[in-house]
Structure formats: structure tokens, C-alpha cells
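Below you'll find the structure, written out as C-alpha cells, and then a few comments.
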Amino acid sequence: MQLPTPDQQECLDVLSLLVQVKSYSQTSGEIDATNHMAEVMRRAGLEKSGCAAYFCAVNTLRKAGWRPKGDVVLTYVVGELQGGVGTVALIEQGLCKADYFVNCEPSDLKAITMHAESLVFRIELTGVTRHMSKREDATDAIMATTDLVPRLNSLVFDNASSPDVAACNRCSVGVVRAGLGREMADWRPPQVADFAVIRGSARFGPGQTHADVRSALEAACEETKSRYPELQYAVHFENAVTMPAFQVEKDAYIVKRLNDAYEAVRPGVTQPTGALAPQCFYGSDAGHLYKTLGMQGVVCGPGGKYNTMPDERVEVSDYMDCIKMFIRLIVDVCA
């Protein structure tokens, strides 16, 4: 069949209306964004550029009169940053029934075939306080923290079954607080801090476990304790729901079909495919579809280069190319 061409202005209008909704994690904006797209799509919510891309792909095909032999299911959820609770709910309600999936996490249109599981940890350090006049007798929780954080940031984890799995390993500290006592009082700066809290996130690949992460975190703490013998530490995992790791073979059916669609839209260019940084350190809802349902899929979406920096944006060329890729993929798989 002659594939329809998406209307660029119409596709940009869909996205521009959505991005006006401030949908920060765990705020009413997530619901506002969902309600906005429920009106547009009749009972669906929408995230941002990747989800807009496959909405526009389906809408372009629908307007051209194309009808699939199978179902094309678009899912839009809240709560991704809370471990993917929206997708977990869809799975539990039996609403994720498909043969294949494409998760549109921003990948700069790479085909991501593996990403890490994400886990949030908290480490509490307890030292010994003294007045600064007797600092030599204290165990300074702040100084212990400055020793421990670089160790944590350099961690990798045991039992990686392949170089791709090892490539998904990363540990990063994002929050440090310290002060006097467990309340971390800041009213008496002359007193040596005896309590600190470190919070961070670990990324580890398929087949690696929470136990592997805990073992590495505790080993790092023991190294710091060897320099501060009276230091006490406790390691806690905070996630109620974790984002599982995801993997698919590079020559799997859905991956090869996506590669073909990419190369048809960008002639002469091979789609980057694999456990590729930085996207292999993402967590995504693909992990739930893979782990719980055993569904074959791939992660691919527009954007990524400008993520998590001021003036986040997606290049129009990537957005439109993604729509064209999804049109081809839908027709190829569902025709």
C-alpha cells in the first residue's frame, strides 16, 4: 500500500497543546495531562513527544482509511517515576494484551534492546560527635560521607552475565544531608556532625539482583568504615515498586522490523541498536511488560539529547521521522 504522509503542522499542534500542561511527577499535572488527551483521544491519556508520535501515526493511518487486521493498542499512564505503577495497574487489569510492544522512551531514535533495573537506596551513617575543640576525638559523619560518595559513584555489581549486562551498571548519589543527631540539627555548627543520610540510585542489568546491589553498597561502606572505625552504617532500599530490567535479542522480530522502518525513513543510515548509553541506564515501563508478561518489545522514541537540562526539547525532524517510522512499523506488523 501507499503509506500516508503525516501532516507536520497537525502533529506539532498535538504536541504543542500537550506540553502546555505542566505534568511534573506526583502532581495533579499528571492527571491534567491525562484528562487533556482523554478528550483528544477518547479514553486515553498522553505523555509527551514519543506518545504523541504514535498517536499521530495511528491518526494518520486512520484518516487514510487504513484498518489493521489486528489491534493496535496505545497505552498512556501516570506514575512512571514511581516505578511504573500505571503500567503495573494496566497489567493487573488485563489491559496489556499484545504480541509486541514499542516503548517510546526518548532514545534519539536508537533501538534500545536492554536497559537496567532501577533501585533507590538510602544509606544512614552514624558517627560520634564532639565540640570542634575536640574534633580529633570525633567520628565526623560529613567527612565519612565525602569518603563514601566517590566509592558509591564508581560501583559496578557482581554476576553480570554478558558485556551488555555489565554496560547497564551504574550507581549515582543524588542527595546528601548531614548534621547533629538524627534530626540533623543545624543550629549548632561548632559541633561535629554525627549523622548523615545519602540517597542515590543503582542501575543493574538483567539477571543481576537486589542482593548484588546490597553486597556492593555494603562493601563500599566497609571500605569507608576501615578509615573511620567507629562509624556505623545502615543500607536501605526505598522503592515500593521498582522498574525491572528489560532485554530483547538484537535479531528479534520486532527489533528487525523497527530497524527496517528506520532505514526506510532514513535511507543509507543503519539504526543504532543494542544496550546503548545513556539509554541503557534508563528505567522504563518496558521492564514490566517484559518481566511480567514476557512480551517481546523494543525501546525507541524521539528526543533524549536535550533531556534533563534547561529548555528541554525535541528536534522536529526526529519527531516527524519517528511518526513515519511508527506508521511503517504498524503497517508491517499489523497488516
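SER154 - would you say it is within 30 Å of CYS280 (Cα to Cα), free of Cβ contacts under 8 Å to residues at least 40 places away in the same chain and in contact with a helix residue (DSSP H, G or I) (Cβ under 8 Å, 6 or more places away or on another chain)? So SER154 does not fit the description; no.
Residue-level check: of (1) buried (at least 21 other Cβ atoms within 10 Å of the Cβ); (2) assigned to a strand (DSSP E or B), GLU105 misses just (2).
If the condition is being at pLDDT 95 or above, hydrophobic (A, V, I, L, M, F, W, C) and crowded, with 19+ Cβ neighbours inside 10 Å, then segment 302-332 contributes MET320, CYS322, ILE323, MET325, PHE326, ILE327, LEU329, ILE330. Would a scan of segment 215-231 turn up a residue that is closer than 30 Å to THR129 by Cα, surrounded by fewer than 15 Cβ atoms within 10 Å (Cβ to Cβ), touching a residue at least 60 places away in the same chain (Cβ under 8 Å) and touching a helix residue (DSSP H, G or I) at 6+ places or on another chain (Cβ under 9 Å)? Yes: one or more hits. Among the residues of segment 279-308, what is the count of those that are in a loop (DSSP other than H, G, I, E, B), of a type in the set (Ser, Thr, Tyr) and either touching a helix residue (DSSP H, G or I) at 6+ places or on another chain (Cβ under 8 Å) or not assigned by TED's automatic domain parsing to the domain that holds GLY86 (or both)? Matching residues across segment 279-308 total 1.
Consider segment 268-278 and keep the residues that are in contact (Cβ under 8 Å) with a residue 40 or more places away in the chain and in a loop (DSSP other than H, G, I, E, B). The one that is surrounded by the fewest Cβ atoms within 10 Å (Cβ to Cβ) is ALA277.
Here the condition is being at pLDDT 95 or above and aromatic (Phe, Trp, Tyr); of TYR282, TYR253, it holds for TYR253 alone.
Counted as qualifying within segment 1-78 are the helices (runs of 4 or more DSSP H) with 1 or more residues that are at pLDDT below 85 and surrounded by 14 or more Cβ atoms within 10 Å (Cβ to Cβ), namely 8-19, 28-41. Residues that are more than 17 Å from VAL102 (Cβ to Cβ) and either free of Cβ contacts under 8 Å to residues at least 40 places away in the same chain or in contact with a Cys (Cβ under 8 Å, 6 or more places away or on another chain) (or both) within segment 235-253 comprise VAL235, ALA245, listed in sequence order. Looking only at segment 141-189, which residues are among the acidic types (Asp, Glu) and touching a Ser or Thr at 6+ places or on another chain (Cβ under 9 Å)? The answer is ASP147, ASP158, ASP164. Does ALA178 satisfy the criteria of being in a loop (DSSP other than H, G, I, E, B) and either surrounded by fewer than 14 Cβ atoms within 10 Å (Cβ to Cβ) or not assigned by TED's automatic domain parsing to the domain that holds ASP251 (or both)? Answer is no for this residue.
Residues of segment 79-102 that are of a type in the set (Ser, Thr, Tyr) and part of a strand (DSSP E or B): TYR100 alone. Listed by first and then second residue, the pairs with beta-carbon distance under 9 Å, at least 6 apart or on different chains, first residue in segment 1-19 and farther than 19 Å from CYS51 by Cβ, second modelled with pLDDT under 90 and among the hydrophobic types (A, V, I, L, M, F, W, C), are MET1/ALA335.
Restricting attention to segment 279-335, the residues that are under 17 Å from the mean Cα position of the chain (by Cα) and without any contact (Cβ under 8 Å) to a residue 12 or more places away in the chain total 4. Exactly one residue out of VAL165, VAL192, VAL241, VAL235 is within 22 Å of GLY83 (Cα to Cα) and over 22 Å from the mean Cα position of the chain (by Cα): that is VAL235. Just wondering, is there one or more residues in segment 118-141 that are over 22 Å from LYS225 (Cα atoms) and either surrounded by 20 or more Cβ atoms within 10 Å (Cβ to Cβ) or basic (Lys, Arg) (or both)? So far as segment 118-141 goes, yes, one or more of its residues are over 22 Å from LYS225 (Cα atoms) and either surrounded by 20 or more Cβ atoms within 10 Å (Cβ to Cβ) or basic (Lys, Arg) (or both).
The values are calculated or read from the model by the stated rules, or taken from the named source; none is laboratory data. Quantities reported herein were computed from a predicted structural model and do not represent experimental measurements. Cβ atoms come from the backbone with ideal geometry, glycine included; neighbour counts cover every protein chain shown.
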